[in-house]
Amino acid sequence: MGPGNSHLVRRSWGLHQLEAIENPEAAGSEAYGDEFEYFEFQQADSWIGALLASLMLVTGQGPSEEVLKNGWFQITNVTETSTSPDQPLHAAKTTIKCAGDGYMGTSVMTSEIALALLPTWYPQLTPMAKQGGVLTPTAALGTVLKERLEGSGRFQVDSEMMDIDPLDRKNR
């Protein structure tokens, strides 16, 4: 998933940075900052588990009905920031849990994104979405997407602030 996610995250970064330049008073908290970096990895219990997982991904084959219904996945995102290079890092840890495997989660996310674009949700969309253009889900929908995913009954999103050691990347 890394290459696809990477393009979306970087596009969102660019959109928010551009908005911050063009309209500084409106965009303040949405811009990620000039020092933005994005890294993604998948965690496995062991190197054998990682190898098996990579070998099991065959294009054109999907999971069984049982796996669709009983599977699950969890995504953990750690976002770090500081007000300046000489200031300590602050971090927010967000955990997204999905009742259903990746296929099920993707179909629910796609459906909820489409439903969030209906006129009834228009007042809650981001100013960027109201202008239109080629946007990413986060740039267009903001917190509406989180609300809709949780409302589907398949997703749980939790966030917490963390104290981090800048030298200990593994245990974040």
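General observations
- Failed criterion for Leu68 (all others in (1) within 21 Å of Thr138 (Cβ to Cβ); (2) modelled with pLDDT of 70 or more; (3) part of a helix (DSSP H, G or I); (4) open to solvent by less than 80 Å² (accessible area, probe 1.4 Å) hold): (1)
- Ala20 vs. criteria modelled with pLDDT under 80 and open to solvent by less than 70 Å² (accessible area, probe 1.4 Å): no
- Among the residues making up segment 115-165, those that are open to solvent by 90 Å² or more (accessible area, probe 1.4 Å), among the hydrophobic types (A, V, I, L, M, F, W, C) and closer than 21 Å to Leu15 by Cα are Leu117, Val134.
- Every residue from segment 138-157 that is under 13 Å from the mean Cα position of the chain (by Cα) and part of a loop (DSSP other than H, G, I, E, B): Gly142
- One residue from Gly4, Gly14 being at pLDDT 70 or above, in a helix (DSSP H, G or I) and within 20 Å of the chain's Cα centre (by Cα): Gly14
- Sub-6 Å Cβ pairs linking a first residue in segment 104-133 that is assigned to a loop (DSSP other than H, G, I, E, B) to a second residue that is of a type outside the set (Ser, Thr, Tyr), at least 6 apart or interchain, are Thr126/Gly142, ordered by first then second residue.
The values are calculated or read from the model by the stated rules, or taken from the named source; none is laboratory data. Treat the numbers as computed from the prediction; the structure is a model and nothing was measured. In this analysis, Cβ positions are derived from the backbone assuming ideal geometry, glycine residues included, and neighbour counts consider all displayed protein chains. These accessible areas exclude ligands, DNA and RNA; they are computed on the full protein's heavy atoms, side chains included. Shrake-Rupley method; radii C 1.70, N 1.55, O 1.52, S 1.80 Å.
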